[in-house]
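Novice: One structure follows; several queries about it will come next.
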Amino acid sequence: MGVGMSVAQDVDRASHRRVRGTLTQCYPVRIVDAPSFVYIRAVVDSTFPDSTLDAVLYCMQVRAVIDSAEQPTIAVSGAAGTRVPVRVLSRSDSTVIVQPTARIPVDPSAVYQIVVPIRADTITVDSTLSCEAWDGRRGGVIELEATTCIIIDSAHIDAGARGYRGGRRSADGGSCSLTQACDPALSGRTGEKGESFVIRDPLCVSGHIPWASGGGGGDAHNAGGGGGGNGGVGGRGGDQWSCGLPLGMHGMPGCAVLDTAFDRLLAGGGGGGGHQNNGVGSDGVAGGGIVVLRAPRIQGDTIRVVVDGESQTRGAANDGAGGGGAGGTIVLDACTIMEPVRVTARGGRGGNCGGGHGPGGGGGGGRVLLEPSLLQRGLGGFTFELDGGGSGLNGGPTATFNAMSGERGVVLPLCSRVQPHRIIHTSELGIGDVDTLVVLATDTSLHCPLRITHQFTLIGSSLLPLIDSVEYDSATSIRCERPAADTTVLTVELSSSSSAIIPLLGLLHNDTTTVIRHAATVNFPDSIPSCTWPVGERVVVTRACGLPLRIVRRWTPLQIRVTSLQTRVDVVIDAAEPAPVDLAIVDLQGRVVTTIRCTSFERIAEHAWRGRISLSNNDVGRGVYALCASSQQGTITAIFCVPE
């Protein structure tokens with residue numbers, strides 16, 4: 001019995017668990033139906049622990065149509081790579097009813113496995129920790145989840161060569177210059193394709209085109225298989241034996257995975273099998289598996305996690321060789337990781353063969369998904385080994401026969417862990433009225449703090465941001481630009497745990513509406529792609545009333561009256577209590593002309609106090625202004641004019 005059988009149960013969360021050896025935490029499952037996000041009915045086998053309360057559904061493969069054209073990348077389709085947390089509600093024999101705890105669609109036609117994570121307050125890995133290989137129904141995943149800390153103590157976690165399987169070499173047969181895109185399994189004309197996140201078509205198990213991230217098989221005669229892909233594209237297989245022209249009947253490389261949300265967990269693609277006619281060709285080999293570590297803190301003397309693709313070490317003599325497997329996927333979901341850290345998701349090397357025959361292509365590098373705050377703070381103590389695997393050779397040290405190495409893998413932010421701000425603003429505003437654009441922090445207790453950049457584009461000239469009238473926290477940056485007369489761009493950069501309020505003044509103008517477009521991003525150094533969200537758009541309607549001088553909005557407990565005389569401006573402030581009131585006079589371009597504080601009040605009735613301020617017209621100048629008054633009792637604005 002594997003260690004996982006004894007420790008992966010989730011009856012209750014132990015305070016401390018030590019894990020080592022080969023985990024058994026992956027179980028086959030078949031989705032019967034998933035009519036809603038309320039429940040899922042599934043069939044498991046007898047190995048699934050009866051006492052399990054919480055588990056995770058991993059979507060390993062989906063049904064999809066594969067484009068026969070050679071291309072370097074492929075978009076993840078459907079539910080492939082999704083991770084769906086579930087709670088077990090009931091079990092009767094082999095049928096279980098589970099409830100998703102996240103709104104993630106489930107596809108009954110896809111291939112899933114059910115994984116029971118190792119859970120504890122503290123988890124210690126004190127020797128090599130591995131898992132069973134993916135066999136088409138289960139395996140290839142290590143998942144540890146601690147509420148306090150994961151400790152990797154003089155050990156490493158290794159899911160190398162546990163991912164999607166390589167394609168088998170062809171049956172003996174074939175003739176020169178056959179070009180076979182699709183054939184059934186064990187064809188004599190072409191090697192099998194490597195496995196990927198797309199279920200293979202029985203009529204297209206073999207053939208030179210890739211199967212998503214799985215490398216293509218080598219064609220006749222004796223061409224090499226393509227390397228698998230994942231973070232990086234695999235390398236193409238070597239050319240056919242020179243018995244005919246053209247020589248390029250190679251297995252195509254497995255595609256790099258294009259995942260715009262950066263949250264799909266995919267094993268490395270398998271390498272394509274070589275073509276043989278002498279019974280000595282070699283198979284494609286497996287990609288790397290998936291490792292997920294989730295905890296507030298990960299520490300250890302040297303933290304090492306490995307998901308390398310497999311290398312084909314068996315020589316193919318005078319037949320075609322198989323392609324290397326791609327690196328797998330590593331997820332490090334922790335706010336703090338004690339350095340040094342070494343993560344390895346390299347592609348495997350393609351197989352060698354004899355002179356004049358096709359070596360295998362190298363596997364592409366894998367994918368490393370990191371908690372975004374780690375990326376923003378910098379990765380000086382991290383070592384990433386993401387190189388693609390080298391191609392095989394067919395003689396001398398440079399004799400690749402046009403087989404190619406896989407490309408380097410990628411480091412990506414785990415964008416699903418970002419809790420973005422909530423944006424609040426009014427949909428209607430009066431001339432001279434002031435409302436607020438609020439960038440509101442939501443519950444961040446389960447998320448690591450990081451900086452988020454918001455860009456608001458105001459199209460129209462009936463709204464004016466009054467950013468100079470507000471004093472912001474030193475960690476909050478707000479910039480205002482006007483690239484055109486009717487366009488204002490506000491850039492707000494702040495912590496995910498902070499909020500910001502931006503006053504908006506309604507103006508009397510030809511426009512009666514302003515469109516506010518909002519885009520949020522989390523940016524990272526070192527050319528790491530940003531986390532982005534769809535652009536939102538709302539319309540604010542400004543109501544015009546045509547009065548040149550009036551109190552535009554008044555409410556209890558704070559009210560103001562402005563009287564513009566020949567030589568001065570008198571301001572009367574009525575309040576429910578004698579608390580200081582800050583006044584800012586702002587011109588129609590949003591510039592603060594002057595500020596003053598009213599601290600002297602006289603009592604005029606119960607819960608009624610009045611303060612007075614007089615300003616010289618020389619201090620203000622001619623023109624139309626907004627007077628913004630704010631205190632602990634509220635905020636109010638009035639429009640006034642200083643005549644000539």
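The values are calculated or read from the model by the stated rules, or taken from the named source; none is laboratory data. All figures in this text were calculated on a predicted structure; none of them were measured in a lab. For neighbour counting, all protein chains shown are included, and Cβ atoms are generated from backbone atoms with ideal geometry for every residue, glycine included. All accessible areas refer to the heavy atoms of the entire protein, side chains included, with ligands and DNA or RNA removed. Shrake-Rupley method; radii C 1.70, N 1.55, O 1.52, S 1.80 Å.
Novice: Between residue 260 and residue 577, what length in nm is gained on full extension when 0.36 nm per residue of separation is reduced by their alpha carbon distance?
Specialist: 108.7 nm
Novice: Which whole-number value in Å² is the accessible area per residue of the chain, probe 1.4 Å?
Specialist: The answer is 39 Å² per residue.
Novice: For the residue pair residue 342 and residue 499, what label-to-label distance in nm results when each label sits 7 Å from Cα along the Cα-to-beta-carbon direction?
Specialist: Here the modelled spin labels are 4.8 nm apart.
Novice: I would also like to ask the following. May I ask you to derive the relative contact order of region 25-91, considering only C-alpha pairs under 8 Å and at least 6 residues apart, and to give it as an integer percent?
Specialist: Here the relative contact order equals 31 percent.
Novice: Given N residues in region 136-248, what is its alpha carbon radius of gyration divided by 2.2 N^0.38 Å? Don't jump to the answer; show the numbers that get you there.
Specialist: Numbers: Rg = 18.0 Å, N = 113, 2.2 N^0.38 = 13.3 Å.
My calculation over the Cα atoms of region 136-248 gives 1.36.
Novice: Which number do you get for Rg(Cα) / (2.2 N^0.38 Å) in region 106-157? The partial results should precede the final answer.
Specialist: On the way: Rg = 13.8 Å, N = 52, 2.2 N^0.38 = 9.9 Å.
This ratio for region 106-157 stands at 1.40.
Novice: Sticking with this one: If R0 is 41 Å, what FRET efficiency do you get for residue 472 and residue 63 from their C-beta distance, rounded to 0.05?
Specialist: Here the calculated transfer efficiency is 0.20.
Novice: If contacts are Cα pairs under 8 angstrom and at least 6 residues apart, what is the relative contact order of region 124-222 in percent?
Specialist: Values: 227 pairs, mean separation 22.6, N = 99.
Across region 124-222, relative contact order equals 23 percent.
Novice: Largest first, please: the extent of the C-alpha atoms of region 294-363 along each principal axis, to the nearest Å.
Specialist: Largest first, region 294-363 extends 54, 19, 12 Å along its Cα principal axes.
Novice: Taking 7 Å along the Cα-to-C-beta vector as the label spot, tell me the residue 36-residue 179 distance in nanometres, rounded to one decimal.
Specialist: 5.4
Novice: Given a cut-off of under 8 Å on Cα pairs at least six residues apart, what relative contact order in percent is computed for the chain?
Specialist: 9
Novice: Could you give the Stokes-Einstein D for the chain in µm² per second, using the C-alpha Kirkwood radius, 10 °C, 1.306 mPa s? List each step's numbers first, then the result.
Specialist: Values: Rh = 28.0 Å.
Value of D from the Cα-based Kirkwood radius: 57 µm²/s.
Novice: Turning to a different aspect of this structure: Calculate what fraction, in whole %, of the accessible area of region 559-644 sits on carbon and sulfur atoms when a 1.4 Å probe is rolled over the protein chains.
Specialist: 45
Novice: Averaging over every viewing direction, what projected area does the convex hull of the Cα atoms of region 228-285 cover, in nm²?
Specialist: 4.9
Novice: If the chain between residue 481 and residue 616 were fully stretched, how many nm would it gain, using 0.36 nm times the residue separation less the Cα-Cα distance?
Specialist: Value of the extension gain: 45.5 nm.
Novice: So for region 405-501, Kirkwood radius off the Cα pairs, Stokes-Einstein at 10 °C and 1.306 mPa s: how many µm² s⁻¹?
Specialist: Stokes-Einstein gives a translational diffusion coefficient of 101 µm²/s.
Novice: Sticking with this structure for a sec: Before rounding to the nearest 500, sum -39500 (n - 2.57) across all DSSP H runs of length at least 4 in the chain and divide by the residue total; then give [θ] at 222 nm in deg cm²/dmol.
Specialist: -500 deg cm²/dmol
Novice: If you don't mind, there's one more thing I want to ask. If R0 is 41 Å, what FRET efficiency do you get for residue 423 and residue 600 from their C-beta distance, rounded to 0.05?
Specialist: It comes to 0.60.
Novice: Next up: Using the beta-carbon distance between residue 102 and residue 624 and R0 = 56 Å, what value does 1/(1 + (r/R0)^6) give for FRET efficiency, to the nearest 0.05?
Specialist: For R0 = 56 Å, the calculated efficiency reads 0.60.
Novice: Now for a separate question. Compare the peptides 394-400, 251-257, 303-309 by average per-residue count of other Cβ atoms within 10 angstrom and give them in order, highest first. Before the final figure, lay out the partial values.
Specialist: Numbers: 394-400: 14.9, 251-257: 35.1, 303-309: 28.6.
Going from most to least packed, we get 251-257, 303-309, 394-400.
Novice: Separate question: Stokes-Einstein D for region 54-206 at 25 °C, 0.890 mPa s, Kirkwood Rh over Cα pairs, in µm²/s?
Specialist: D, rounded to a whole number, is 133 µm²/s.
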